[in-house]
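Structure first, commentary second.
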Amino acid sequence: MLNREAEQMSHVIETHKLTKAFNSFRAVDALDITVEHREIFGLLGPNGAGKTTTISMLCTILRPTFGSAKVNGFDIVKEAHKVRKSIGIVFQDPSIDDRLTGRENLYMHANLYGVPASEQKERIAEILKLIELEDRADDLLRTYSGGMRRRLELGRGLIHYPKVLFLDEPTLGLDPQTRDHIWKYIRELKEAQDITVVLTTHYMDEADKLSDRIAIMDHGKIIVLDTPPSLKETLEGDVVMVKAANVEVLSELVGKWLGLEKKRVVDGVLEITVRNGKAVMPRIMELASQNNVYVESLLLREPNLEDVFLHYTGRTIREDSTRELYGMSAAQRRAIR
């Protein structure tokens with residue numbers, strides 16, 4: 001009995017058949033997940049998969065149609081106020097006032113979330129040190145770089161001592177170097193603040209490096225959930241990368257004559273997932289030669305999360321500008337309006 005209670009206490013987030021329907025369309029369909037204390041939990045999926053709807057319900061923005069969920073031990077419907085006090089949110093789109101200084105933004109958020117006035121000065125100083133913005137705290141936000149703004153948003157989300165931090169595309173639009181810095185801050189914030197992080201992202205490398213576990217979601221359901229290494233191991237093979245002049249023609253030939261169907265073309269390179277890459281590579285070269293397809297390069301690599309995503313969803317994750325509205329595509333949004 002004690003073991004079961006201890007296990008339940010370690011679950012910072014629990015959902016049971018959590019469902020959200022918009023008329024006949026189920027954006028989230030009977031979701032059952034648990035997220036552990038101090039875990040970074042990655043939630044991945046193509047646009048319209050149900051990620052935003054799931055996060056919206058867990059943050060009490062949307063009310064479930066069926067099922068239930070608890071965040072930090074509180075029911076998202078019956079104890080919504082306690083849930084809100086337990087969470088911090090960093091939205092995909094900027095949501096800070098650039099007419100204020102960094103420090104003023106933190107004070108405003110502290111007041112909104114009810115941080116006692118006697119604690120605000122010390123807490124804000126602590127947050128500014130944590131996100132390394134002490135020397136720019138009194139500068140207007142309009143003078144901040146994109147990476148500095150993101151760090152301030154991370155700090156703002158922590159100002160009220162949350163137990164769970166929801167990050168929605170935290171590095172979208174940032175350059176690779178700044179993204180690396182934000183990853184470092186996220187890991188350090190998790191340890192320093194003793195929090196659980198739920199991350200949604202379209203960047204597979206981000207999910208791979210940050211997440212303790214990853215759930216891939218599609219059509220409102222979790223289709224696979226495991227650690228990043230275990231997910232990659234499920235493909236049981238290598239990835240052969242072929243750069244060729246007529247790559248689409250070669251892709252068709254590989255499927256027709258070699259029977260290799262786990263393939264995709266990315267930026268003009270044919271990527272084929274196979275069990276024994278070294279044995280397949282000479283066959284690809286022979287096939288290309290027989291059909292007058294010039295091969296520029298042939299490489300072998302281990303599978304990555306992009307390959308896993310393609311394997312389980314049948315498509316690559318899209319990084320277009322389409323935004324989900326509670327998990328629905330544009331066509332689905334029009335249908336219910």
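Quick one: ASP138 ticks every box in (1) part of a helix (DSSP H, G or I); (2) closer than 22 Å to THR101 by Cβ; (3) not polar (S, T, N, Q) bar one, so which box is it?
For ASP138, the exception is condition (1).
Which of the residues spanning the stretch 90-129 are touching a strand residue (DSSP E or B) at 6+ places or on another chain (Cβ under 8 Å) and under 11 Å from GLY155 (Cβ atoms)?
VAL90 - this is the single residue of the stretch 90-129 that is touching a strand residue (DSSP E or B) at 6+ places or on another chain (Cβ under 8 Å) and under 11 Å from GLY155 (Cβ atoms).
Between ARG323, ARG334, which is part of a helix (DSSP H, G or I), under 28 Å from PRO64 (Cα atoms) and modelled with pLDDT under 50?
ARG334
Could you list, in sequence order, all residues of the stretch 222-251 that are of a type in the set (Gly, Ala, Ser) and farther than 22 Å from THR313 by Cβ?
ALA244, ALA245
Give the residue, chosen from GLU153, GLU104, that is in contact (Cβ under 8 Å) with a residue 40 or more places away in the chain, surrounded by 15 or more Cβ atoms within 10 Å (Cβ to Cβ), among the acidic types (Asp, Glu) and in the same structural domain as GLU14 (by TED's automatic domain parsing). Walk me through it before giving the result.
Values: GLU104 fails: in contact (Cβ under 8 Å) with a residue 40 or more places away in the chain.
Of the residues listed, the single one that is in contact (Cβ under 8 Å) with a residue 40 or more places away in the chain, surrounded by 15 or more Cβ atoms within 10 Å (Cβ to Cβ), among the acidic types (Asp, Glu) and in the same structural domain as GLU14 (by TED's automatic domain parsing) is GLU153.
I want to confirm something. Restricting to the stretch 275-312 and keeping residues that are loosely packed, with under 13 Cβ neighbours inside 10 Å and among the charged types (D, E, K, R), which single residue is nearest to GLU248 (Cα to Cα)?
So, considering only residues that are loosely packed, with under 13 Cβ neighbours inside 10 Å and among the charged types (D, E, K, R), the one nearest to GLU248 (Cα to Cα) is GLU296.
Out of everything in the stretch 252-301 that is in a helix (DSSP H, G or I) and either in contact with a Pro (Cβ under 6 Å, 6 or more places away or on another chain) or charged (D, E, K, R) (or both), what residue ends up being nearest to THR316 (Cα to Cα)?
Within the stretch 252-301, the match that is nearest to THR316 (Cα to Cα) is GLU252.
What's the number of the only condition in (1) more than 15 Å from the chain's Cα centre (by Cα); (2) part of a loop (DSSP other than H, G, I, E, B); (3) touching a residue at least 40 places away in the same chain (Cβ under 8 Å) that LEU172 fails to meet?
Result: LEU172 passes all but (1).
Which one of these is of a type in the set (A, V, I, L, M, F, W, C) and exposed (fewer than 14 other Cβ atoms within 10 Å of the Cβ): ALA125, ALA117, ALA137?
Working: ALA125 fails: exposed (fewer than 14 other Cβ atoms within 10 Å of the Cβ); ALA137 fails: exposed (fewer than 14 other Cβ atoms within 10 Å of the Cβ).
After applying the criteria, what remains is ALA117.
Yes or no, residue by residue, for (1) among the aliphatic types (A, V, I, L, M); (2) surrounded by fewer than 23 Cβ atoms within 10 Å (Cβ to Cβ); (3) out of contact with any Asp or Glu (no Cβ under 7 Å at 6 or more places or on another chain); (4) at pLDDT 95 or above:
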residue	(1), (2), (3), (4)
GLY147	no, yes, yes, no
HIS160	no, yes, yes, no
VAL197	yes, no, yes, yes
ASP212	no, yes, no, yes
HIS219	no, yes, yes, no
PRO228	no, yes, no, yes
LEU231	yes, no, yes, yes
LYS256	no, yes, yes, no
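Quick one: which residue in VAL90, VAL77, VAL115, VAL71 is among the β-branched types (Val, Ile, Thr) and out of contact with any helix residue (DSSP H, G or I) (no Cβ under 8 Å at 6 or more places or on another chain)?
After applying the criteria, what remains is VAL77.
The values are calculated or read from the model by the stated rules, or taken from the named source; none is laboratory data. The structure presented is a predicted model; accordingly, all values stated were derived computationally and were not measured. FYI the Cβ positions are ideal-geometry reconstructions off the backbone, even for glycines, and counts take in every protein chain you see.
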